[in-house]
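J.: My questions will all concern the structure given below.
The values are calculated or read from the model by the stated rules, or taken from the named source; none is laboratory data. In this text the structure is predicted, and so the values were computed from the model without any measurement. Methodologically, a virtual Cβ is constructed for each residue, glycine included, from the backbone with ideal geometry; neighbour enumeration extends over all protein chains shown.
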């Protein structure tokens, strides 16, 4: 840093070549490793229907906290003392969210922690409003929208029980609506075409890591029993296949509207498809712990099968939002993902009597078939890129 305290600047108006994530951003992500891990443990302990819905309901605001800070950093991050202090302040808030996730009857604490994280984000945007005149209209709209979205969360502190979720949903809908409402000002200050995909890819890596934590957890319950080791190997294959399918199809994705681009929905679909993707991948990891541990109960099987299917469906949305010259191939890829997701759900429904490892073999085979189909279409291997 040239100066310890600098005003925010509009990064996307500065020619910097290929932009990568900063050390501060990577450090910031660490707190989400803990938070996602807490969510996973909660789902492991409460894996009935109510537990699944609670898992999703808590994951959405957690992801939105990360995404909102990422959107800010993409446009304005200067990595000065002010930004570092605010980032650490938000990390503290997220740690409190993670602690609330891991405790029973802690919805009020979660809401308070979310409001603290949102308040720090508003302080970041206020700095940008003061110092970056070119985006003042956009930031004003963000401040109004995001503060309005916090009001239902504030009210929820005094509302008893699960009714809090309804107020949270209203607040999040306001938050999600705000960027769409400000889409015209956003065109004048677009986001980075290389930095933002990298950041979303890093969060995807983060949640994929939960699969390996879950597999190791299952192995630790046994003394290297052959059937469990076999299940662990198959689980790694399934998780690795999800990584392969996602990251070998990052080329050509879009995060901003280009001049003359007719399909203005693509950036929004690309960005928000990552929410169901990371939820599904995390659920898949927890399901893997059940299956690798050789538990054949229906809940664990559905958590894993639903996670795999959800991840494939989210990847189909990413394919539809592709910005390549080969749109017909992207659509073929997307429909293949949808077909595989349907097949996964059918197999999950009829496999109640199957051995856990047979279920894993089937999931691995479907994922491998998707990879083979991508290669046949011309996607998915480094040798075919560039």
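J.: Scan the range 183-199 and tell me whether some residue there is free of Cβ contacts under 8 Å to residues at least 24 places away in the same chain, in a helix (DSSP H, G or I), in contact with a helix residue (DSSP H, G or I) (Cβ under 8 Å, 6 or more places away or on another chain) and crowded, with 19+ Cβ neighbours inside 10 Å.
T.: No; the residues of the range 183-199 include none that is free of Cβ contacts under 8 Å to residues at least 24 places away in the same chain, in a helix (DSSP H, G or I), in contact with a helix residue (DSSP H, G or I) (Cβ under 8 Å, 6 or more places away or on another chain) and crowded, with 19+ Cβ neighbours inside 10 Å.
J.: If you take the residues in the range 150-168 that are part of a helix (DSSP H, G or I) and free of Cβ contacts under 8 Å to residues at least 12 places away in the same chain, which one is nearest to residue 106 (Cα to Cα)?
T.: 163
J.: Select from the range 112-129 the residues that are surrounded by 20 or more Cβ atoms within 10 Å (Cβ to Cβ), more than 20 Å from the chain's Cα centre (by Cα) and either within 22 Å of residue 165 (Cα to Cα) or modelled with pLDDT of 95 or more (or both) and list them in ascending order.
T.: Result: 120, single match.
J.: A further question on this structure: For the range 209-248, enumerate the residues that are without any contact (Cβ under 8 Å) to a residue 24 or more places away in the chain and not in a loop (DSSP other than H, G, I, E, B).
T.: Correct list: 216, 226, 229, 233, 240.
J.: Might you let me know whether the range 262-284 holds any residue that is assigned to a helix (DSSP H, G or I), at pLDDT 75 or above and closer than 16 Å to residue 359 by Cβ?
T.: Yes, there is a match, as at least one residue in the range 262-284 is assigned to a helix (DSSP H, G or I), at pLDDT 75 or above and closer than 16 Å to residue 359 by Cβ.
J.: Same structure, new question: Take the range 48-71 and flag every residue that is surrounded by fewer than 21 Cβ atoms within 10 Å (Cβ to Cβ) and over 13 Å from the mean Cα position of the chain (by Cα).
T.: Hits for the range 48-71 are 48, 49, 50, 51, 52, 53, 54, 57, 71.
J.: Follow-up. Checking residue 36 against (1) under 30 Å from residue 131 (Cα atoms); (2) buried (at least 20 other Cβ atoms within 10 Å of the Cβ), only one condition comes out false. Which one?
T.: (1)
J.: Could you identify the single residue in 88, 120 that is free of Cβ contacts under 8 Å to residues at least 12 places away in the same chain and part of a helix (DSSP H, G or I)?
T.: Only one candidate passes the filter, namely 88.
J.: Return yes when residue 210 is more than 16 Å from residue 273 (Cβ to Cβ) and in the same structural domain as residue 62 (by TED's automatic domain parsing) and no when it is not.
T.: Spelling it out, it is not the case that residue 210 is more than 16 Å from residue 273 (Cβ to Cβ) and in the same structural domain as residue 62 (by TED's automatic domain parsing).
J.: So residue 61 passes all but one of these: (1) out of contact with any helix residue (DSSP H, G or I) (no Cβ under 8 Å at 6 or more places or on another chain); (2) closer than 26 Å to residue 285 by Cβ. Which condition number does it fail?
T.: For residue 61, the exception is condition (1).
J.: Which one of these is at pLDDT below 90, crowded, with 21+ Cβ neighbours inside 10 Å, assigned to a helix (DSSP H, G or I) and assigned by TED's automatic domain parsing to the domain that holds residue 217: 312, 318, 288?
T.: Only one candidate passes the filter, namely 318.
J.: Determine whether residue 202 is under 19 Å from the mean Cα position of the chain (by Cα), assigned to a helix (DSSP H, G or I) and closer than 17 Å to residue 73 by Cα.
T.: So residue 202 fits the description; yes.
J.: Condition test on residue 180, is it in contact with a helix residue (DSSP H, G or I) (Cβ under 9 Å, 6 or more places away or on another chain), part of a helix (DSSP H, G or I) and under 21 Å from residue 58 (Cα atoms)?
T.: Considered against the rule, which asks whether it is in contact with a helix residue (DSSP H, G or I) (Cβ under 9 Å, 6 or more places away or on another chain), part of a helix (DSSP H, G or I) and under 21 Å from residue 58 (Cα atoms), residue 180 comes out as no.
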